[in-house]
Amino acid sequence: MTLAAGVAVFDRQTGQFVHQQDADQRFRSASVVKLLIALDFFARRGPEYDVPPDDGKRLEVMLRSSDDDAASYYWDQLGGAAIVDRTAERLGLTHTAGPPPSHPGFWGYVAITAADTVRIYRHLLEDAPWPVRDFVMGHLHQATRHGTDGFDQFFGIPTVFADGYSIKQGWSGFHGSSGYRSDRAKPESVVDLVNDALHTTGTVGPDDRSIVAVFTLHPSGTPYEQAYAAVTELTAELTVPGGVHVRKADK
């Protein structure tokens, strides 16, 4: 296969999509599902939306550094695939679904699309109570260079654009990654669980003007550095209102 991509860029200032390419194509979410996990955590904590200290630490490392242990903890505590069902219904997500029944614990196998990811960010920025918005987006704006699994997560958005972005990245299938690749078992699924996945999602520009969602699949065995470069190149080609590209001399 060649690189497969689902892309959506939404300009919040005009309320219009600037770019859509297979925006309803389903991909396995990898760590992008952590956005849904965080939202489901807050769903039952209103109206104060207080965050106990232990949860604050877990959520911070899950959102900033894409920590898998924190995601697995909440996946078990909050009911697994029911997290996806509840949040999809609340946010009006049309193509998001839980992992295949054969792998209920594999949150990285959740099906998601670029268009639904735009809806998630729009909910966070436009509809979520301000404590939820400030907590989640605040951490996404302070993403660390590396995930807790050691992978460099500054592909795509953070390499292309200057300061002022937020990100929630996803990677799955690369050698040494913790992204729940299915090498032995081949469960039936609505998404490709074999080829390597690399996704860059987030916001760009003043006041989170543009929402960017780029989901990609690469042939199984693709070196991480090669996929990293391909996703970054694809992202750099997009028209993103409010985005300021990093100068080559600054890279």
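Summary of computed values
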item: At 0.890 mPa s and 25 °C, Stokes diffusion of the chain via Kirkwood alpha-carbon radius, µm² per second; result: 138 µm²/s
item: 3J(HN,Hα) from dihedral phi, the range 140-149, Karplus parametrisation 6.51/-1.76/1.60, rounded to Hz, x for glycine, proline; result: 5, 6, 10, 4, 7, 4, 10, x, 5, 8
item: Calculated [θ] (222 nm, deg cm²/dmol) that DSSP helices of n ≥ 4 give over the chain, each run adding -39,500 (n - 2.57); result: -9500 deg cm²/dmol
item: Volume in Å³ per residue [convex hull over Cα atoms, computed for the range 80-169]; result: 123 Å³
item: The range 209-226-the range 6-72 distance, computed between alpha-carbon centres (Å); result: 17 Å
item: Percent RCO, i.e. relative contact order, over the chain, from Cα pairs under 8 Å lying at least 6 residues apart; result: 26 percent
item: Mean shadow area of the range 1-90, taken as a quarter of the surface of its Cα convex hull (nm²); result: 8.2 nm²
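Read-outs throughout are calculated quantities, based only on the coordinates presented, and are distinct from any laboratory measurement. Computed from a prediction, not measured in an experiment: that's the story for all the values here.
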